[in-house]
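Student: The structure under discussion is supplied below as structure tokens; questions concerning it will follow.
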Number of protein chains: 4
Amino acid sequence: MKRNFNSDNVTPACAPIMAALQAANEEPMPSYGADPLTQRLQAKASEVFEREVVVFPVATGTAANALALAQLVPSYGAVYCYEAAHIVTDECGAPEFFTGGAKPIGLAAADGMILPEQIEKAVAFAQEMGVHHVKPAAVSLTQASECGTVYTLAHVKAIAGVAKRHGLGLHMDGARFANALAHLDCSAADATWRCGVDVLSLGATKNGALCAEAVVFFDTKRAEDFARRRKQAGHLWSKMRFLSAQLLAYLSDDLWLKNASHANAMAAALAHALQDLKGVRLLQSVDANELFVAMPKALVAALEAADFQFYRWPYPGLGDAVAIRLVTSYATTASDVEALAAAAQSFPACS
Amino acid sequence: MKRNFNSDNVTPACAPIMAALQAANEEPMPSYGADPLTQRLQAKASEVFEREVVVFPVATGTAANALALAQLVPSYGAVYCYEAAHIVTDECGAPEFFTGGAKPIGLAAADGMILPEQIEKAVAFAQEMGVHHVKPAAVSLTQASECGTVYTLAHVKAIAGVAKRHGLGLHMDGARFANALAHLDCSAADATWRCGVDVLSLGATKNGALCAEAVVFFDTKRAEDFARRRKQAGHLWSKMRFLSAQLLAYLSDDLWLKNASHANAMAAALAHALQDLKGVRLLQSVDANELFVAMPKALVAALEAADFQFYRWPYPGLGDAVAIRLVTSYATTASDVEALAAAAQSFPACS
Amino acid sequence: MKRNFNSDNVTPACAPIMAALQAANEEPMPSYGADPLTQRLQAKASEVFEREVVVFPVATGTAANALALAQLVPSYGAVYCYEAAHIVTDECGAPEFFTGGAKPIGLAAADGMILPEQIEKAVAFAQEMGVHHVKPAAVSLTQASECGTVYTLAHVKAIAGVAKRHGLGLHMDGARFANALAHLDCSAADATWRCGVDVLSLGATKNGALCAEAVVFFDTKRAEDFARRRKQAGHLWSKMRFLSAQLLAYLSDDLWLKNASHANAMAAALAHALQDLKGVRLLQSVDANELFVAMPKALVAALEAADFQFYRWPYPGLGDAVAIRLVTSYATTASDVEALAAAAQSFPACS
Amino acid sequence: MKRNFNSDNVTPACAPIMAALQAANEEPMPSYGADPLTQRLQAKASEVFEREVVVFPVATGTAANALALAQLVPSYGAVYCYEAAHIVTDECGAPEFFTGGAKPIGLAAADGMILPEQIEKAVAFAQEMGVHHVKPAAVSLTQASECGTVYTLAHVKAIAGVAKRHGLGLHMDGARFANALAHLDCSAADATWRCGVDVLSLGATKNGALCAEAVVFFDTKRAEDFARRRKQAGHLWSKMRFLSAQLLAYLSDDLWLKNASHANAMAAALAHALQDLKGVRLLQSVDANELFVAMPKALVAALEAADFQFYRWPYPGLGDAVAIRLVTSYATTASDVEALAAAAQSFPACS
């Protein structure tokens, strides 16, 4: 049997989400979000985030991010982010397209987490350049980051401070927000608007949903006209109930946190098992559900031959070693982890 | 109990679609369309359309239409269509947005179906205007139309003739394509590429799916880079299998035609029951699953009071009468129809 | 010698404009608008319009209109205007492109001037359609209109009233604003912001400049970030002084009004000479510097044969007659007018 | 008297250009480019470039670059260029806006000139990323570069080789193309299409014109529909003759080369005078008309105090020294150069 560590998006939807879809399918409901499930989702999200929020369900993370940024950034604006952020390298230019031309400006960060002073410096450059340069308009943080690390609350607050000082909106790409939250072990409110986050792309797909993300506005005034923006982009579902049902289940009974905690625990177990092996090195702190690991080439080949599935990852400066990415999910089992750990531990050169 | 004739998008998903979703949820699958279901969908669609086609599943009809048009039309291009086409009045500017500025040019049509000579004339005007005017680039037909009518094959062919002569792409908005096909009682190939259609937005959501539409390219060269276009618009699902599974079920075992035929039959039965009532008049030919009916205001009020659900429709020139739209679907029952018919027939002024 | 009534944009630049360019060319000046001429233009325009305005020079009318609209209208917005407005039929989709997808919604008007109640009705329709339809965002009036007519101040005020009531910005396409102003015989302030106009595209090219238009904001807050919008569109000149110099000369010593009054007078003289000829009919009121005239086909051919230059104009419902457009300008001479009048008057069938 | 080394765009237009404008102003001419001067420009450019080219005059370099790139690159495409290229940092997102969302991907280069292997590597990364990443579509080189250096023909050819191999269009931002050409001392054909350049933004404004740049297509098929693209962006002048007249004069009688050679010679003389001064260091090879010079802070202050005008330039790693940029032009005189040289040479610490 194959053990799949490719990504958290290869998993099926989890049982409570599927049950919610079934339950939503019993009878006719008004279309385009006028249904009772969508209304209940608003209430549920407001409860979870401990304030009146506005939530817009969409089907993909790229849509959530690009729509959120389009709300914050004019066509002549700049978004400051990590240079290898998902919005920069993995969304085929969606932020530029949705904003009508804005520019994500990538900042270097060895651990995927940008620093307040980098933003400060980039804004100063823009100010000096004046009208010739795009206007500083937003910051986008990925939480958990693309390196599997998680910003501390103090770190987010410091960035929000810079953002507020310069009138920039603060967007959080939370494709793996639940994993970050489980790691931070704080409330959803603490991790977002209490730290200064204006808009959150809240992911569910990678953490057990079938297809559901949400754009969450903490300042409801920021959400003005967002409904039309979503519609114009083809992201308003006629049978909206089926998106809302997933998100409602996701936020209910701590499902999102349970799923994420399990995924994180599996990642931690993997990290624990691998980190002391000879020739093996964790390249990043394992804060959430992703591991970036340097390994001897022969070990990587051996794991692949043993039908473990994962991606080799580009990583400079490793010499003969090879970097791989391992992703765990709500569906990863202890037995999956043990199997991989055992295979690595039994590899001759590692023991 | 409420009888809902509001729209075919208020319905639940039909049982075979839900079963297909469940079946697709058994195990991990590669993401972003590299899964076996998506592959099978390509084969199935090619079989159904009797030639090698390329199919791109998306979640909404607006996405399907706007992405298809963006593939055919440059930012400085024109799309000729019915003046009250869905792409003109109901998509919040999606075609303009996705194309980067192209212009849908609406043509008048009492029955929702534009004529070849109207396109010919509009193209001649554009040619005379030269560089100052948008470039004729595509025609978009809605089949079944926004008036519930269905273009004959000869009509589509005549329009395709004009389109080909002027180098215009021919797009078909098939949000209710299955209903049209059931009415035409011909093959899917006859109704599309054999008539000269280049790209089809194939709807499933209104006809029994949960959320599934497909952009179908009959000339595979036309599809170049469409995958990136879909991705940039946030319409590439990571768990693509769940879109493909719906469409695969939809095209299998004639499910789409069975659902559509039923909906059409219910509409025909309604039309039959209503058309001879005093003061009642069918405003359009009932070819598919929509009825536009002029009624005495009091009858409309009586039906509303009896908990029948439908929309009053703007319609000029009816004097004291009121226009309503009734939509049937795969889920409409003979008892729904009979109940409405009985209520109308028993209305004092109508008998 | 050819007498040219094709358009007011076939003319050379007038002498004061050329002199201003020469004067601006004496020495180095700061680039991108930091020069003294651009500063003086701001002051001059504020004086002319009797309030603090912000002026952005650009080189073309299409740029002025599209940039102004992009400032007023979001990508999911609607602009209400005459159905054959320049922004609809003659700018190759520039408004759609600059706004990122907004929709000019054309309203019918036999004389080129739309009515308040048409806008009211269109807004009501949009409100009923909700999120599915583009958001009412602006009105654009062309003054003088594409039919050569001029809105009265009361008419503009009535439209502004509707616009304000629904939160729409009011844009005036003033490619021939000076001609309208000369006709109205009021102050520039009366003709614009005192009537409720928010942004004016002020044309100079057709009225004696080499290449100069200006976007004038009456509410300076509306102009926020417009400098970047202009830059991003490639419309910020490095040697801005040469645009500003033209506009400064244009607004000085009543040059704009003198040029326009002359052009209007020539048009009126032509109208006077032609209107009583047998078989000849003015199709529109000649308020500014354009005439739309129905003539016997043979007369049109005779004038063409005599080397008078003008355009035949599409015009339905004229039977055997042919419509032509005659445009006068600052450079049209009384002798040009007399020559054409004489040729028409001596045409056998007309006398 | 101030000596202005701020930029080559602070200069007046040179005498032959002004004379050409006057000559073009004698009589009416057809508008929108149907005039004889625009026709003659096509012929002249074809003669200068030794093949049939298509030339589109526009007023600004940003417009030329962004329109050219929009012709080569789809909304989901990538343009590879120097990380501090004008199109990245100085055009306020114009490439993103004109393309509808494409992404300029900046590559590091100490001397402003990117290497073939950098492009190769970036393309390989994109290919590995597939649909998630923007599609490699074009390379843009600035010639002369933003660092005042000039690519050799062999260098351009090597980059063109990579571009052709991967199907990328090759754009040259020639805002200072004449300066590069004068340095290379070869034919315009050798410096462009014979090296594999597909489209050139040919600058004239910085080299003696009032406001004129041209987009030059060497492969005429590449120019399809470009006229509409220019129109939609508001860059088609109604009195086009005034743009064409400038460019015609520019390319006639070697005016462009004479102006550029003079500017280059002035820059070389400045470099020669400064390079051996104590504490002064040329930061880049002075190939064209720009110098980047590190100087003691006190010297910079002294030159500023003596009314020499130039920009301080951000430059990391200079310690106590300060970087400045000096730009020469067709209008720079030997006396300007001698004055600055003398001031620097007489600075106590430098001798």
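Student: What average count of beta carbons from other chains do you get within 10 Å of the Cβ of residues in A:8-18?
Tutor: What the average comes to for A:8-18 is 5.
Student: Using only the alpha carbons of chain D, determine the length spanned along each of the three principal axes and report them from longest to shortest in whole angstroms.
Tutor: Principal-axis extents of the Cα atoms in chain D, largest first: 61, 60, 32 Å.
Student: Can I ask one more? For region A:283-289, take each phi angle, set θ = phi - 60°, evaluate the Karplus expression 6.51 cos²θ - 1.76 cosθ + 1.60, and give the result in whole Hz per residue in order, putting x for glycine and proline.
Tutor: 8, 9, 4, 8, 8, 10, 10
Student: Taking B:Asp111 in one copy and the same position in all the others, each labelled 7 Å out along Cα→Cβ, what are the pairwise distances from the first, in nm, shortest first?
Tutor: 3.9, 7.1, 7.4
Student: Given the DSSP H assignment, sum -39500 (n - 2.57) over each helix run of at least 4 residues in the protein assembly as shown and divide by its residue total; what's the result at 222 nm in deg cm²/dmol, nearest 500? Present the calculation step by step, with values, prior to reporting the outcome.
Tutor: Details: 53 runs with 558 residues, N = 1404.
About -12000 deg cm²/dmol.
Student: Once the label point is placed 7 Å from Cα along Cβ, list for B:Glu47 the distances to the corresponding points in the other copies, in nm, shortest first.
Tutor: 4.7, 6.8, 8.2
Student: Then there's this: Tell me, what % of the accessible area of region A:311-351 is carbon and sulfur with a 1.4 angstrom probe?
Tutor: It is 59 percent, rounded to a whole number.
Student: Kirkwood hydrodynamic radius, region A:211-250, all distinct C-alpha pairs: what's the number in Å?
Tutor: 11.2 Å
Student: Treating the point 7 Å from Cα along Cα-beta-carbon as the label, what are the nm separations from C:Gln275 to the other copies, to one decimal?
Tutor: 5.6, 7.7, 9.3
Student: Now a separate question. Under 13 Å from a label point 7 Å along Cα→Cβ of B:Ala43: give me every residue in region A:1-17 with its amide N that close.
Tutor: none
Student: In addition: So for chain A, taking the charge dipole from beta-carbon charges (+1 Lys/Arg, -1 Asp/Glu), which of A:Ala301, A:Thr62, A:Thr333 sits furthest toward the positive end?
Tutor: Positive-most Cα among the choices belongs to A:Thr62.
Student: Taking a quarter of the surface of the convex hull around the Cα atoms of region B:222-351, what do you get in nm²?
Tutor: Value for region B:222-351: 11.5 nm².
Student: Looking at the protein assembly as shown, what % of its DSSP beta bridges pair antiparallel, to the nearest 5?
Tutor: About 50 percent, rounded to the nearest 5.
Student: Same structure, new question: Based on alpha-carbon centroids, what's the gap between region B:1-52 and region A:36-71 in Å, whole number please?
Tutor: Using only Cα atoms to place each centre, the spacing works out to 26 Å.
Student: Net charge near C:Phe226, counting Lys/Arg +1 and Asp/Glu -1 over other residues with Cβ under 13 Å of its Cβ?
Tutor: +3
Student: So for region C:113-172, what are the equivalent ellipsoid semi-axes in whole Å, largest first, each being the square root of 5 times an eigenvalue of the Cα gyration tensor?
Tutor: After scaling each eigenvalue by five and taking roots: 23, 11, 10 Å.
Student: Running a GNM on chain C with Cα contacts under 10 Å, which residue among C:Phe218, C:Phe242, C:Phe310 ends up with the highest mean-square fluctuation?
Tutor: Among C:Phe218, C:Phe242, C:Phe310, the largest GNM mean-square fluctuation belongs to C:Phe310.
Student: Let me ask something additional. Give me the distance in nm between label points sitting 7 Å out from Cα along the Cα-to-Cβ direction at A:Met129 and C:Asp320, one decimal.
Tutor: In this crude spin-label approximation the distance works out to 6.8 nm.
Student: With N set to the number of residues, divide the alpha-carbon radius of gyration of the protein assembly as shown by 2.2 N^0.38 Å and report two decimals.
Tutor: Normalised Cα radius of gyration, the protein assembly as shown: 0.97.
Student: What are the trypsin sites (Lys or Arg not before Pro) within region C:239-303 that DSSP puts in a loop, where the Cβ has at most 15 other Cβ atoms within 10 Å?
Tutor: Sparse-neighbourhood loop trypsin sites (Lys or Arg not before Pro): C:Lys278.
Student: Still on this structure: How are the Cα pair distances of region D:55-208 distributed, in percent, across 5 Å bins from 0?
Tutor: Using 5 Å bins, I get a P(r) of 2, 10, 21, 25, 22, 13, 5, 2, 0, 0 for region D:55-208.
Student: Would you mind working out the magnitude of the charge dipole of the protein assembly as shown relative to its Cα centre, with +1 at each Lys and Arg C-beta and -1 at each Asp and Glu C-beta, to the nearest 20 Debye?
Tutor: On the way: 112 positive and 136 negative charges, 1 e Å.
Dipole magnitude for the protein assembly as shown comes out near 0 debye.
Student: What's the center-to-center distance, using Cα atoms, between region A:119-144 and region C:238-303 in Å?
Tutor: 50 Å
Student: Quote the charge dipole size of region C:1-108 about the Cα centre in Debye, to the nearest 20; the model charges only the Cβ of Lys and Arg (+1) and of Asp and Glu (-1).
Tutor: Dipole of region C:1-108, to the nearest 20 debye: 220 debye.
Student: Just add up the charged neighbours of B:Val58: K/R +1, D/E -1, any other residue whose Cβ is under 9 Å from the Cβ of B:Val58.
Tutor: 0
Student: So which residue, out of B:Phe98, B:Phe125, B:Phe217, gets the largest mean-square fluctuation from a GNM of chain B using Cα contacts under 10 Å as springs?
Tutor: Evaluated over chain B, the most mobile residue of the options is B:Phe125.
Student: What fraction of the DSSP beta bridges in region D:151-236 is antiparallel, stated in percent and rounded to the nearest 5?
Tutor: 55 percent
Student: Also, I was wondering about something else. How big is the shadow of the Cα convex hull of region A:1-102, averaged over all directions, in nm²?
Tutor: 10.0 nm²
Student: Point me to the residue of chain A whose C-beta lies closest to the A-onto-C rotation axis, rounding the distance to whole angstrom.
Tutor: Checking which Cβ lies nearest the axis yields A:Gly100, 2.
Student: Could you check which residue among D:Ala191, D:Ala19, D:Ala43 shows the biggest mean-square fluctuation in a GNM of chain D with a 10 Å Cα cutoff?
Tutor: So, out of D:Ala191, D:Ala19, D:Ala43, the one fluctuating most is D:Ala19.
The values are calculated or read from the model by the stated rules, or taken from the named source; none is laboratory data. All values reported here derive from a predicted model rather than from experimental measurement. We place every Cβ from the backbone using ideal geometry, glycine too, and count neighbours over all the protein chains shown. Note: areas computed on protein heavy atoms with side chains; ligands, DNA, RNA excluded. Shrake-Rupley method; radii C 1.70, N 1.55, O 1.52, S 1.80 Å.
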